[in-house]
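All remarks here apply to the structure that follows.
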Amino acid sequence: MAMDASEETLRRAMSDKQAAVDAQGNTVRDLKASGAAKADIDAAVEALNALKLEKSSIEKQLQATITGGSDVGTLSRDAFRQAVGNTLERRLFYIPSFKIYRGVAGLYDYGPPGCAVKANVLAFWRQHFVLEENMLEVDCPCVTPEVVLKASGHVEKFTDLMVKDEKTGTCYRADHLLKDFCKEKLEKDLNMDAEKAAELKQILAILDDLSAEELGAKIKKYGIVAPDTKNPLSDPYPFNLMFQTSIGPSGLIPGYMRPETAQGIFVNFKDLYYFNGNKLPFAAAQIGQAFRNEISPRQGLLRVREFTLAEIEHFVDPEDKSHPKFGDIAHLEFLMFPRTEQTSGQSAKRMCLGDAVYEGIVNNQTLGYFIGRVYLFLTQLGIDKERLRFRQHLANEMAHYAADCWDAEIECSYGWIECVGIADRSAYDLRAHSEKSGVPLVAHEKFSEPKEVEKVVIAPVKKELGLAFKGNQKNVVEALEVMDEKEAMEMKSILESKGEVEFHVCTLGKVVTIKKSMVTISKEKKKEHQRTFTPSVIEPSFGIGRIIYCLFEHSFYTRPSKAGDEQLNVFRFPSLVAPIKCTVFPLVQNQQYEEVAKQISLSLTAAGISHKIDITGTSIGKRYARTDELGVPLAITVDSTSSVTIRERDSKDQIRVSVEAVASVVKEVTDGSSTWTDVSWRFPAHSHVSIDE
Ligand code: AMP
């Protein structure tokens, strides 16, 4: 990735200024050594100090550019993260799992308010995607037989590169060590020259693409050692992230805990297609746990070893990726970060989604449609529009079969985090499972009248293949037979020009050489009543835990207590995600008020509003602070037997409403049919603010 223009300019200015400081320093030394006049020495020292001052000013600007902004320095970011984290743990939004046994890295429990937020996020996901788009929801097992994950490529390729501390055996993710090294150097070594900085930035840009050998060479080049002990590190080697298990008591059926939910949908494609009346496009969806044995989980809830994924597989004709509802979202404008902007060192820019698809920046309408729907989903949950961007994968980041990929990235105190991946995976997954299972996972388009078509005919020469591949002959034959027309014609042309071609056989997990004598590929004219093809799949994949964590950060703020002696924490969750919608407080402990509170609780229950009564004797101000910390939007205070007050969390404004009307007013506001401002007009304001507040 090229350097940001201003960063590059500032780095150059820094090294120029450093050179000037060094030269002036030499001048001062020479003057002193030669016994020059005091006035001359003083003037030279003054010039040196002026240069140092200029350098320090450039240094400050550079620091601000690197840390991503004006006053958001590293310290305040850490302090903010700590304040959010403390509140979340203290109020049991989440709990490190197995805490009394000192926990296990990368495993977290959701406590009561966390569970409620998660349930609300998932309910909205079902509403926004499954219901509104008529998706077919499935629920498949987490334990998955090996054959499925061999076909998908996970057994062979779902790896990260690992290095070990050569003395203690502690494991680290090799790319993380290199990434941390580059980032720290870039942030802290402000005297680094622009070329060196560009080199480190380039490494950050291609990190995902480095082979074990390349990573190892860079680790050696920069002298990177084990962060905890400073011991030397081993060479990097691949570590498969799947948790392995066996199914049944014999231990003979190998299996894995699924690393994603998508495969459960792909293997059911044939039945789902039939269920959908043999019609395309359609989408299937699944919410469930995914398991990844991360080498070094870090960043709290963002990189864990078990997490909830919500995935959609939208199956579409590869020859028609238009979307009938694209017009509904084409007008949306938000931050997009296309490939070209990334490689030319520019920043994300506000773009109209319709234009991005029209100009071919986003590969097709269906992919664009999901980008728009994901934007609406995240912002309606409460994610800040200004800290959400859609970043296109660079060519080297994408799997070779993918047509285009965009990540919804949300900025939080850890930087920009990938929370949703939206990928056009072409026909790869269905093809891989067709090949391995022998069950054709294909769709048909019936013609209104038969068409004369030219069909490609692939005829493997089994004798030659048998001689060349022996026991693997069957796999090679099958892989040749399932090639689509484009692949087959490409193979034909290479065979004709070069006599042989490299060919990837999924089921063998390797590339073999096919010679001209091993297969004949020709075209024949035929009358056809239908077209058979493997659908493309467009896959939005949501990391629910990451979205929730970013939502926590985007919703968190502090405000001074009335007395000004402490900072109170507030989560400004929209009602949609708030763990409970309202609390009910009798102002003072007396039986009459408690009776009214119970009566209100019954009417809230009848209206389907989640709520909690707090009859503790603590002051009303403390009770307000407690519910603000849980992000509860409304609080009802019972201060008479006929009418009560409703307080809105963020404005702290209160209105007075009759006991009979209170549940319906709360319902209106929390289900979004009225805003707080709407109801504030209809009811008298309650100006008496409790002494505690
Ligand atoms: P992937 O299949 O790697 O593209 O992951 C899909 C989504 O899962 C990502 O966009 C993340 O939001 C989420 N995700 C991936 N790995 C983890 C992890 N270790 N912990 C939490 N969420 C994750």
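The values are calculated or read from the model by the stated rules, or taken from the named source; none is laboratory data. What you see is a predicted model, and the numbers here were worked out from it, not measured in a lab. No Cβ is skipped: glycine too gets one built from the backbone with ideal geometry, and neighbour counts run over all protein chains shown.
Taken over region 360-406, the criterion of being of a type in the set (Val, Ile, Thr) and more than 30 Å from residue 557 (Cβ to Cβ) is satisfied by 361, 362, 366. Looking at region 227-243, is at least one residue within 16 Å of the ligand (Cβ to nearest atom), polar (S, T, N, Q), touching a Leu at 6+ places or on another chain (Cβ under 7 Å) and modelled with pLDDT of 95 or more? Within region 227-243, none of the residues are within 16 Å of the ligand (Cβ to nearest atom), polar (S, T, N, Q), touching a Leu at 6+ places or on another chain (Cβ under 7 Å) and modelled with pLDDT of 95 or more.
Among the residues of region 647-659, those that are free of Cβ contacts under 8 Å to residues at least 40 places away in the same chain and either within 30 Å of residue 591 (Cβ to Cβ) or assigned to a strand (DSSP E or B) (or both) comprise 647, 648, 653, 654, 655, 656, 657, 658. For the structure I just gave you, tell me whether residue 280 is more than 16 Å from the ligand (Cβ to nearest atom) and in contact with a strand residue (DSSP E or B) (Cβ under 6 Å, 6 or more places away or on another chain). Here the answer is yes, as residue 280 does meet what is asked. Considered as a group, the residues in region 291-311 that are within 25 Å of residue 537 (Cβ to Cβ) and near the ligand (Cβ under 7 Å from one of its atoms) include one that is farthest from the chain's Cα centre (by Cα), and that residue is 292.
Flag: residue 315 matches the condition of being assigned to a strand (DSSP E or B) and more than 19 Å from the chain's Cα centre (by Cα).
Just so you know, in region 360-381 the residues that are in contact (Cβ under 8 Å) with a residue 60 or more places away in the chain and over 16 Å from the mean Cα position of the chain (by Cα) include one that is farthest from residue 539 (Cα to Cα), and it is 380. Here residue 641 meets the list (1) assigned to a loop (DSSP other than H, G, I, E, B); (2) in contact with a Lys or Arg (Cβ under 8 Å, 6 or more places away or on another chain); (3) of a type in the set (Val, Ile, Thr) almost entirely, failing just condition (2).
One line per residue, one yes/no per condition, for (1) within 16 Å of the ligand (Cβ to nearest atom); (2) within 15 Å of residue 337 (Cα to Cα):
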| residue | (1), (2) |
| --- | --- |
| 386 | no, yes |
| 395 | no, yes |
| 405 | yes, yes |
| 408 | yes, yes |
| 420 | yes, yes |
| 425 | yes, no |
| 434 | no, no |
| 437 | no, no |
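Set side by side, the residues 273, 256 differ, and just one is touching a helix residue (DSSP H, G or I) at 6+ places or on another chain (Cβ under 7 Å) and more than 14 Å from the ligand (Cβ to nearest atom), which is 256.
Looking across region 346-398, the residues that are assigned to a helix (DSSP H, G or I), over 15 Å from residue 327 (Cα atoms) and either among the β-branched types (Val, Ile, Thr) or touching an Asp or Glu at 6+ places or on another chain (Cβ under 6 Å) (or both) come down to 374, 379, 387, 396, 397. Among the strands (runs of 3 or more DSSP E) confined to region 123-197, the ones with at least 2 residues that are touching a residue at least 24 places away in the same chain (Cβ under 8 Å) and surrounded by fewer than 19 Cβ atoms within 10 Å (Cβ to Cβ) are located at 136-138, 143-145, 159-164. Within region 577-597, how many residues turn out to be of a type in the set (Ser, Thr, Tyr) and at pLDDT 95 or above? Summing the residues that are of a type in the set (Ser, Thr, Tyr) and at pLDDT 95 or above in region 577-597 gives 1. Using beta carbons and a limit of 8 Å, which pairs, at least six apart or on different chains, have the first residue in region 7-31 and within 12 Å of residue 191 (Cβ to Cβ) and the second one part of a helix (DSSP H, G or I) and charged (D, E, K, R)? Every condition considered, the pairs that remain are 14/55; 14/59; 17/54; 17/55; 18/55; 21/52; 21/55. In region 482-550, counting only strands (runs of 3 or more DSSP E) that sit wholly within it, the ones holding 2 or more residues that are surrounded by fewer than 16 Cβ atoms within 10 Å (Cβ to Cβ) span 500-505, 510-515, 519-533. With respect to the conditions (1) closer than 18 Å to residue 676 by Cβ; (2) in contact (Cβ under 8 Å) with a residue 24 or more places away in the chain, residue 549 lacks only one, and its number is (1). Here 464, 452, 411 are screened, and the one residue that is in a helix (DSSP H, G or I) and either closer than 21 Å to residue 547 by Cβ or not aromatic (Phe, Trp, Tyr) (or both) is 464. Check region 437-444 and report whether any residue there is closer than 30 Å to residue 283 by Cα, touching a residue at least 24 places away in the same chain (Cβ under 8 Å) and part of a strand (DSSP E or B). Taking every residue of region 437-444 in turn, at least one turns out to be closer than 30 Å to residue 283 by Cα, touching a residue at least 24 places away in the same chain (Cβ under 8 Å) and part of a strand (DSSP E or B). Only residues that are under 21 Å from residue 380 (Cβ atoms), within 16 Å of the ligand (Cβ to nearest atom) and aliphatic (A, V, I, L, M) were counted in region 521-574, giving 4.
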